[in-house]
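Peer 1: Pasting a structure here, questions to come.
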Amino acid sequence: MGTPSILWSITKKCFTVGVITLTVSDLFASIVPVRGASMSPTFNPKTNSLFDSLSDDRVLVEKLCLRNYKFSHGDVIVFSSPNNHKEKHVKRIVGLPGDWVGTIYDVVHIPEGHCWVEGDNSASSLDSRSFGPVPLGLVKGRVTHVLWPPHRVGTVDRKTSQNRVSSSSSASKF
Amino acid sequence: MRQWRIIAKEAMARASIIGKFLCLLHVTDAYILSSNHVLGPSMLPTLNITGDVVLVEHLSHRLGKLGSGDLVLVRSPLDPKKTLTKRIVAMEGDKVTFSLDPTRSHSSRSLVVPKGHVWIQGDNAYVSCDSRHFGPLPYGLIEGKAFMRVWPPSSFGLLGE
């Protein structure tokens, strides 16, 4: 008589904790590991220190930005890949809707509801230069802090490249 | 003094029950089943122009069990705050033939739907803004499959082909 009710209460507690964790990670913030070197040196820089080579960086992804999809140039975002919805990528926003972004071959106009993302490590990054502008509906969150490894804990700053992007907001100043 | 402590404890217990219930509501709404109000002329005659309430299930698209002919709710690629209701016409790898202007039947184009995308169209080809205008839709923008209509009561029932 004792064991089934203990099992049932443990199951109930696990279910409750699971549901609450899922809700918090969907609506507020979650912690994700970053794989690959496409955002080096912001994430996973390949230095010779012991911590860096042991494991991937863990970052804090906030989901409050998904209420009104207001992003700025230089934000680092997590988004589902347009070619494979099961994969998620971490890249930096270089262009917002209405901007003109310069690539090696031509100048691309970012349509409404899309953004242009690039990795900080241009040499080894699969980003908008390959798969084009990304619909903002695929964005799953914005990276605000690095949480691991301990010696690189801190906020993730915005980095803009004014010389390659002509945005409608900067043009209106003239 | 002790009365305030008892009241505070009971308030905390009630708040935690309400909090757990809201979390369960969110998980059900986002991962299992939700009801959505859809309106607009682009899905006539399947859905009414004045608005219907449909039940949307969020399991099929996660399990990859969607196919052509399904009514889906998708996040608009032109405005991430808007949700569209359209029908899947072709899945990835399929060849789709369409005409931008249905009144002129001899102006049609064909293309193959790329990997990771689907082709959606509204049933009312004349007024629908869909894949014929913004191109193939990335699969990740699909939010759920509408399978049943619950309002208005006169058209209560499953939504089919």
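What follows is calculated from the coordinates using simple rules that are stated; it is not laboratory data. Keep in mind it's a predicted model, so treat the numbers as computed, not measured. Cβ placement follows ideal geometry from the backbone for every residue including glycine, while neighbour counts extend to all protein chains displayed.
Peer 1: If each of B:Arg62 and A:Thr155 carries a label point 7 Å out from its Cα toward its Cβ, how far apart are those two points in nm?
Peer 2: About 3.4 nm separates the two model spin labels.
Peer 1: Given the options A:Arg129, A:Arg67, A:Arg35, which has the most mean-square fluctuation in a GNM of chain A, springs set between C-alpha atoms less than 10 angstrom apart?
Peer 2: Among A:Arg129, A:Arg67, A:Arg35, the largest GNM mean-square fluctuation belongs to A:Arg67.
Peer 1: Cut-off 10 angstrom, C-alpha nodes, Gaussian network model of chain B. Which of B:Thr103, B:Thr28, B:Thr83 fluctuates the most?
Peer 2: B:Thr103
Peer 1: Sticking with this one: Looking at chain A as a GNM with Cα springs under 10 Å, which of A:Lys159, A:Lys12, A:Lys46 has the largest mean-square fluctuation?
Peer 2: A:Lys12
Peer 1: Now, a different point. Quick one: dipole size for region A:56-174, taken about the Cα centre, charges +1 on Lys/Arg Cβ and -1 on Asp/Glu Cβ, in debye to the nearest 20.
Peer 2: Rounded to the nearest 20 debye, it is 320 debye.
Peer 1: On to the next question. If I stretch the segment between B:Ser107 and B:Lys82 completely, what's the gain in nm (0.36 nm per residue apart, minus their alpha carbon distance), one decimal?
Peer 2: Values: separation 25, 0.36 × 25 = 9.00 nm, distance 3.00 nm.
Working it through step by step, the gained length comes to 6.0 nm.
Peer 1: Another question, if that's okay. Tell me, how many Å apart are the Cα centres for region A:8-67 and for region B:120-161?
Peer 2: One Cα centre to the other: 34 Å.
Peer 1: Using just the Cα positions, wrap region A:1-158 in a convex hull and report its mean projected area in square nanometres, one decimal place.
Peer 2: 12.2
Peer 1: What three numbers, in Å, describe the spread of the alpha carbons of the protein assembly as shown along their principal axes, ordered from the longest?
Peer 2: Here the spans come out as 80, 63, 42 Å, largest first.
Peer 1: Counting only other chains, and only Cβ atoms inside 10 Å, what mean value do you get across the residues of B:132-144?
Peer 2: Whole-number average of other-chain Cβ neighbours for B:132-144 is 4.
Peer 1: Which of the peptides A:83-91, B:14-22, B:122-130 is most tightly packed, and how do the rest follow, going by the mean number of other Cβ atoms within 10 Å of each residue? List each step's numbers first, then the result.
Peer 2: Working: A:83-91: 18.3, B:14-22: 11.3, B:122-130: 16.8.
The peptides rank, most packed first, as A:83-91, B:122-130, B:14-22.
Peer 1: With charges set only on the Cβ (+1 for Lys and Arg, -1 for Asp and Glu), what does the dipole of the protein assembly as shown come to about its Cα centre, in debye to the nearest 20?
Peer 2: With only Lys, Arg, Asp and Glu charged at Cβ, the dipole is about 920 debye.
Peer 1: Further question on the same structure: Long-range amide H contacts for A:Val156: which residues qualify at under 5 Å (H placed 1.01 Å from N, peptide plane, sequence gap of 5 or more or a different chain)?
Peer 2: Amide H neighbours of A:Val156: A:His145, A:Val146.
Peer 1: Among A:Asn163, A:Met39, A:Val61, flag the residue with its Cα farthest along the positive direction of the charge dipole of chain A, charges on Cβ as +1 for Lys/Arg and -1 for Asp/Glu.
Peer 2: Positive-most Cα among the choices belongs to A:Val61.
Peer 1: Additional query: List the lysines whose Cα sits under 30 Å from the Cα of B:Lys20, skipping any in the same chain fewer than 8 residues away.
Peer 2: Correct list for B:Lys20: A:Lys12, A:Lys13, A:Lys63, A:Lys70, A:Lys86, A:Lys88, A:Lys140, B:Lys9, B:Lys81, B:Lys82, B:Lys145.
Peer 1: So for chain B, averaging the separation of alpha carbon pairs under 8 Å that are six or more residues apart and normalising by length, what relative contact order in percent results?
Peer 2: Here the relative contact order equals 23 percent.
Peer 1: How high is the relative contact order of chain A, given as a whole-number percent (alpha carbon pairs under 8 Å, six or more residues apart)?
Peer 2: Rounded, it is 23 percent for chain A.
Peer 1: If the cut-off is a Cα-Cα distance under 15 Å, which aspartates and glutamates reach B:Lys65, setting aside same-chain residues fewer than 8 apart in sequence?
Peer 2: List returned: B:Glu57, B:Glu92, B:Glu143.
Peer 1: Okay, moving on. Using a basic spin-label model with each label point 7 Å from the Cα along Cα→Cβ, how many nm lie between B:Leu33 and A:Phe15?
Peer 2: With each label placed 7 Å out from Cα toward Cβ, I get 1.6 nm.
Peer 1: Could you derive backbone 3J(HN,Hα) for region A:108-115 from the dihedral phi with the Karplus parameters 6.51, -1.76 and 1.60 (θ = phi - 60°), listing whole Hz in sequence and x where the residue is Gly or Pro?
Peer 2: 10, 8, 7, x, 4, x, 10, 9
Peer 1: Here is a further query. Please list the non-local residues whose amide H lies under 5 Å from the amide H of B:Asp94, H modeled 1.01 Å from N, same-chain partners needing a gap of 5 or more.
Peer 2: So B:Asp94 has HN proximity to B:Val113.
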